[in-house]
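Worksheet for the structure shown next.
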Amino acid sequence: MKYKNLAPARAYVEKKLKDKTIKVLFDEEKTKTEIAKLVRSARESAGLSQREIAVKAKTTQAVVARLELGTDTRMPSLMLIVRLLKAANAHLEIKCVFDRAS
């Protein structure tokens, strides 16, 4: 489904993101979504099911499902992410990217 005019919504979101509390919460959710995509992509590239990667990473299938679906309210630990990626024969590279001055 294509949306024809998102300009009103975009302006509303940009206005709300000026609130520091909302911005922090928004950024946390965005990060969790990026992590979920990363883990799922690595798992699928390795040809593993959620159960198979969970066993290799010494966790449960439910944990993997919650992480990939973004239904867990907690931020996944760095060690969990590393274990899941290692189980998929991948590794994590971390870099620092500075925001443009506003």
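Nothing in this text is a laboratory measurement; each read-out follows from the coordinates by a stated rule. Please read all numbers here as calculations on a predicted model, not as lab measurements. Glycine gets a Cβ as well: all are built from the backbone with ideal geometry, and neighbour counts include every protein chain shown.
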Next item on the list: For ALA11, work out the one condition from (1) in contact with a helix residue (DSSP H, G or I) (Cβ under 9 Å, 6 or more places away or on another chain); (2) assigned to a helix (DSSP H, G or I) it doesn't fulfil.
Entry: (1)
Check: In the stretch 70-100, how many are under 13 Å from ARG43 (Cβ atoms) and either assigned to a loop (DSSP other than H, G, I, E, B) or within 12 Å of the chain's Cα centre (by Cα) (or both)?
Finding: 4
Item checked: Search result, residues across the stretch 40-56 that are part of a helix (DSSP H, G or I), hydroxyl-bearing (Ser, Thr, Tyr) and over 13 Å from ILE81 (Cβ atoms) -> SER45
Check: Counting just the residues of the stretch 71-84 that are of a type in the set (A, V, I, L, M, F, W, C) and in contact with a Lys or Arg (Cβ under 9 Å, 6 or more places away or on another chain), which one comes out surrounded by the fewest Cβ atoms within 10 Å (Cβ to Cβ)?
Finding: MET75
Check: When THR59 is evaluated against the numbered criteria (1) crowded, with 16+ Cβ neighbours inside 10 Å; (2) assigned to a helix (DSSP H, G or I), which criterion, by number, is the only one it fails?
Finding: (2)
Note to self: Residues that are free of Cβ contacts under 8 Å to residues at least 40 places away in the same chain, in a loop (DSSP other than H, G, I, E, B) and of a type outside the set (A, V, I, L, M, F, W, C): does the stretch 24-39 have at least one?
What the structure shows: no
